[in-house]
Amino acid sequence: MRQTIISLTSMILSIILLIAGNAFLMTLLGLRLSIEDFSASVIGWILAFYSIGFVAGTLYAGRIIEKVGHIRAFAVFAAVLSASILIYPMAVQAGLWGGLRAVGGFVMAGLMIVMESWFSSKADNRNRASLFAIYQVIFFLSTAGGQVLIRVADPAGFIPFSLATILVVLALTPLTMTRRESPSVSQGERLSLRKLYNKSPTGTLGALIAGLLISAFYAMGPVYANQIG
């Protein structure tokens with residue numbers, strides 16, 4: 001197990017930087033839209049496009065990974081995410097930000113596929129549960145750490161967006177510099193929602209409800225906090 005964790009060091013460092021940057025951005029966007037006096041319903045719609053893009057990414061981002069491999073795909077997705085973050089402060093417009101959130105959701109889905117398939121490739125039936133438990137701990141600690149960064153600079157300025165971009169760009173470094181072999185690329189079998197529901201109706205409904213609750217909290221929590229001072 002210890003040797004497996006050591007082999008994942010580069011990926012773990014990339015995960016910490018990437019998830020911290022993305023979590024910071026999620027909090028920043030809701031807060032910035034609230035400062036700009038957008039209504040709660042408009043903010044909700046803008047931020048919901050992230051989930052729409054994420055769903056599209058789960059369907060199509062895997063094809064990019066199949067074509068260019070995990071490391072190159074990770075670099076592509078992270079570069080697009082970085083560029084989209086830098087566009088936000090250029091114009092605070094609902095349509096533009098909604099489109100950027102959709103792009104961000106798509107590439108984050110691709111990045112998640114890369115990260116989790118990398119972990120899965122190092123797991124076997126003896127250590128899979130422990131390995132993914134460690135992944136979850138790293139993921140949510142990075143999420144919490146990223147949100148704490150909201151105090152670093154004024155959300156009404158451009159500096160927080162630059163900081164989020166820096167974190168995402170730095171996430172490229174550990175993984176692209178690794179000498180470890182990336183997971184082999186194979187074309188996976190697609191599973192429709194109907195087939196998934198037939199195999200596990202409780203799990204499917206549970207995931208749907210949990211997703212609705214978690215995404216609503218992450219999107220609107222900063223807005224509510226700002227409105228109550």
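The values are calculated or read from the model by the stated rules, or taken from the named source; none is laboratory data. Since the structure is predicted, the reported quantities are computational estimates derived from the model, not experimental observations. Because the Cβ atoms are built from the backbone with ideal geometry, glycine has one as well, and the counts that use them run over all protein chains shown.
Looking at (1) surrounded by 14 or more Cβ atoms within 10 Å (Cβ to Cβ); (2) more than 17 Å from the chain's Cα centre (by Cα); (3) not charged (D, E, K, R), which one does Leu175 not meet, given that it meets all the others?
Unmet condition: (2).
Go through region 130-157 residue by residue and tally those that are farther than 18 Å from Gly221 by Cβ, in contact (Cβ under 8 Å) with a residue 24 or more places away in the chain and small (Gly, Ala, Ser).
Residues that pass the stated criteria total 3.
Within region 111-143, take every residue that is among the polar types (S, T, N, Q) and within 16 Å of the chain's Cα centre (by Cα) and give me the one that is surrounded by the fewest Cβ atoms within 10 Å (Cβ to Cβ).
Among those residues, the one meeting the criterion is Gln136.
I'd like to know if region 3-15 contains one or more residues that are assigned to a helix (DSSP H, G or I) and either over 26 Å from Ile134 (Cα atoms) or under 13 Å from the mean Cα position of the chain (by Cα) (or both).
Yes, some residue in region 3-15 is assigned to a helix (DSSP H, G or I) and either over 26 Å from Ile134 (Cα atoms) or under 13 Å from the mean Cα position of the chain (by Cα) (or both).
From the residues in region 68-93 that are in a helix (DSSP H, G or I), under 17 Å from Pro160 (Cβ atoms) and of a type in the set (Gly, Ala, Ser), which one is farthest from the chain's Cα centre (by Cα)?
Ala83
Hey, can you tell me all the residues within region 114-135 that are under 26 Å from Thr165 (Cβ atoms) and not small (Gly, Ala, Ser)?
Val114, Met115, Glu116, Trp118, Phe119, Tyr135
In this structure, does Arg63 turn out to be among the basic types (Lys, Arg) and more than 24 Å from Phe139 (Cα to Cα)?
yes
Inside region 197-215, can you point out the residues that are without any contact (Cβ under 8 Å) to a residue 24 or more places away in the chain and either at positive phi or surrounded by 11 or more Cβ atoms within 10 Å (Cβ to Cβ) (or both)?
Tyr197, Ser200, Gly203, Thr204, Leu205, Gly206, Ala207, Leu208, Leu212
Hey, among the residues in region 191-229 that are closer than 27 Å to Thr143 by Cα and of a type in the set (S, T, N, Q), which one's farthest from the chain's Cα centre (by Cα)?
Step by step, filter region 191-229, then rank; the result is Gln227.
Provide a single number: the residues in region 183-226 that are of a type in the set (Ser, Thr, Tyr), part of a helix (DSSP H, G or I) and at pLDDT below 90.
The qualifying residues number 3.
Residues of region 109-150 being within 13 Å of Ile19 (Cα to Cα) and not in a helix (DSSP H, G or I), which ones?
Answer for region 109-150, where residues must be within 13 Å of Ile19 (Cα to Cα) and not in a helix (DSSP H, G or I): there is none.
Results for (1) at pLDDT 95 or above; (2) surrounded by fewer than 24 Cβ atoms within 10 Å (Cβ to Cβ); (3) touching a Phe, Trp or Tyr at 6+ places or on another chain (Cβ under 6 Å); (4) under 30 Å from Ser184 (Cα atoms), shown as yes or no for each residue.
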| position | (1), (2), (3), (4) |
| --- | --- |
| Thr9 | no, yes, no, yes |
| Leu18 | yes, no, no, yes |
| Ile43 | no, yes, no, no |
| Phe77 | yes, no, no, yes |
| Val103 | yes, yes, no, yes |
| Ala109 | yes, yes, yes, yes |
